[in-house]
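A short write-up of the structure that comes next.
The values are calculated or read from the model by the stated rules, or taken from the named source; none is laboratory data. Owing to the predicted nature of the structure, the values given are computational and were not obtained by experimental measurement. Counting neighbours? That spans all protein chains shown, and the Cβs are built from the backbone with ideal geometry, glycine included. The accessibility values were calculated without ligands, DNA or RNA, using every heavy atom of the protein model including side chains. Shrake-Rupley method; radii C 1.70, N 1.55, O 1.52, S 1.80 Å.
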There are 2 protein chains.
Amino acid sequence: MTKLSSDRLPDDERTLLLLGLLTEQDRHGYEINDFIERNLEAVIRLKKATAYQLLARLEEHGLIESRAEAQGQRPTRRVFRLTEAGRAHFQHLLLGHLPRTEALIPEGNVPVMFSEHLPPAVVLAALRERLAGAEEQLAAAQAASERSPCTSSVGLALERILWLSRADRDWLRAAVARLERELDTAAVR
Amino acid sequence: MTKLSSDRLPDDERTLLLLGLLTEQDRHGYEINDFIERNLEAVIRLKKATAYQLLARLEEHGLIESRAEAQGQRPTRRVFRLTEAGRAHFQHLLLGHLPRTEALIPEGNVPVMFSEHLPPAVVLAALRERLAGAEEQLAAAQAASERSPCTSSVGLALERILWLSRADRDWLRAAVARLERELDTAAVR
DNA sequence: ACCATATTAGTCAGTTCTGACTATTCTAGA
DNA sequence: TCTAGAATAGTCAGAACTGACTAATATGGT
C-alpha cells in the first residue's frame, strides 16, 4: 500500500496517539486527520502523510485492521479498528511513555541567543512582535483549556500547554521590559 | 564530500546556529559539535552527523569556507570560517527568525491525554517519576542560567528555558497534588 | 603496564518526514 | 445554474535525520 521502510514500529507519541484515538471508537482516515488538525494542533505535530504511513504500519503489525465502507458515490472510506493486540500494545506503550520526562527544548532560542548581533531597537521591535504572537497562543490555549475540564485527562494535557504558554509570554514580557529600560537609560544620556 | 540532497539551504535554526557560532570565531568540526553538546544541549537539538552535512552545504553555497590545518600525528582538522556572504546571510536569517513566534508544542502531552486508560494509582506513580525528572531539569537550567548573566543574549535564552522548565514542574506538582487528593477522598469512603 | 576515555574527523545506510499532487462528490451561495 | 470550497482518500518523490560505525593518538588513573 504505502512505502513501508522498516519492520519495527516506532515507539513514539505518534503511534500512541493513533492507537489512543482508535481506542475510543473506530475512525476512518479523514476523520483521524481532521480531528488531529482541529483539536490537537497544540498538542502534537503529526502530518497527514505521516499518519497514513503509520496507519499502514500499524495494520501490517496487526495492531489495527481496516474495512472498506462504501459511501454511495463518494470515495470509499477505510475504517480502522483496534485489534486485541492493538489494545494491549496501547496499554504497554502508555505505561512506558507516561513516566518519561522529555527534555523541554522549545524552538526560537537560537535567534534570541544571537540577538546581540542586531541593534537593540530592532531586537525590541522583534520581541514585541513575538509577544503579540505569544499572547494569541496563550488566549487560544486558555480557550481550549476552558472547554474541557482539567479533571479529565485531555484537560490535564491542555492545562500543561496553558501553563507553558503563560510562562513563555511572561518571559517575553520581562525581556521586553528590560530592553525598554535599557534603551531609555541609553537615550537619556 | 557528503551526500547533499537539495540545492536549497534549509532556513531553520540549525543553519542560524552554525553561522552564528562561526561569527564569533573560526572553529573546526569537533569544536563546533563539542560546544553544542556541552553548552547548548538544552537550547537546541542538533546531531553531529546533521551538523557535518549542514556545514558541507553551507560551504557549497559559499557562506563558509574551510582550510585544512595539520596537527602533527593527529588527524588534520578542517577549520571553518564565515565568508562575507555568510555574514550577510546570518544577519538576514536572524532578522527573519527573531520575530517569529514558534508554536510551543512540547513532547509528553499525548500520554497524559490518555492517562484515563490507566488506574489512578499507576498514573500518580508515573507523574511522580516525571516530577522528579522535571526537578532535575529545572536545577540544570537554573545552574546554566546563573552561569551567564541574563543581560547577555545567551543568558536571555537560558532564562527562557528556565521559566519554561519551572512552569512544567509547577504543572506537574499541581497535577500530582490533585491526583493525591482524589485518591485520598476515594480511599476514605 | 594497561585500560578507559577524550581528541579529532568524519561517513553511510537505512529510516522517517513533508510538501505537493491527484481524484471525485457534495453543498451553499451568487 | 454555475462555482468555489469542503469532504473524502490517499500517493510519492525527494529531503532530512539519526544511530552506528571507522581510525588513530593522547592521557590520566589504577
inquiry  = Whether any residue in the range A:60-81 is within 13 Å of another protein chain (Cβ to nearest Cβ), of a type in the set (D, E, K, R), within 16 Å of DNA strand D (Cβ to nearest atom) and surrounded by 16 or more Cβ atoms within 10 Å (Cβ to Cβ) is what I want to check.
reply    = no
task = Check the range A:83-99 and report whether any residue there is open to solvent by less than 80 Å² (accessible area, probe 1.4 Å) and within 16 Å of DNA strand D (Cβ to nearest atom).
result = no
request  = Could you list, in sequence order, all residues of the range A:83-117 that are more than 7 Å from chain B (Cβ to nearest Cβ) and acidic (Asp, Glu)?
outcome  = A:Glu84
request  = Please work out if A:Arg14 is within 12 Å of chain B (Cβ to nearest Cβ), of a type outside the set (Val, Ile, Thr), out of contact with any helix residue (DSSP H, G or I) (no Cβ under 7 Å at 6 or more places or on another chain) and within 15 Å of DNA strand C (Cβ to nearest atom).
outcome  = no
query = How many residues, within the range A:44-59, are farther than 17 Å from A:Phe90 by Cβ and either away from DNA strand D (no atom under 13 Å from the Cβ) or touching a helix residue (DSSP H, G or I) at 6+ places or on another chain (Cβ under 6 Å) (or both)?
reply = 2
ask   = Since B:Glu102 meets every condition but one in (1) under 21 Å from B:Leu18 (Cβ atoms); (2) in the same structural domain as B:Ile44 (by TED's automatic domain parsing), which condition does it not meet?
value = (2)
query = What is the number of the single condition among (1) modelled with pLDDT of 95 or more; (2) among the hydrophobic types (A, V, I, L, M, F, W, C); (3) closer than 28 Å to B:Glu41 by Cβ that B:Leu124 does not meet?
reply = (3)
key: Hits in the range A:113-133 (condition: surrounded by 22 or more Cβ atoms within 10 Å (Cβ to Cβ) and under 23 Å from the mean Cα position of the chain (by Cα))   = A:Arg130
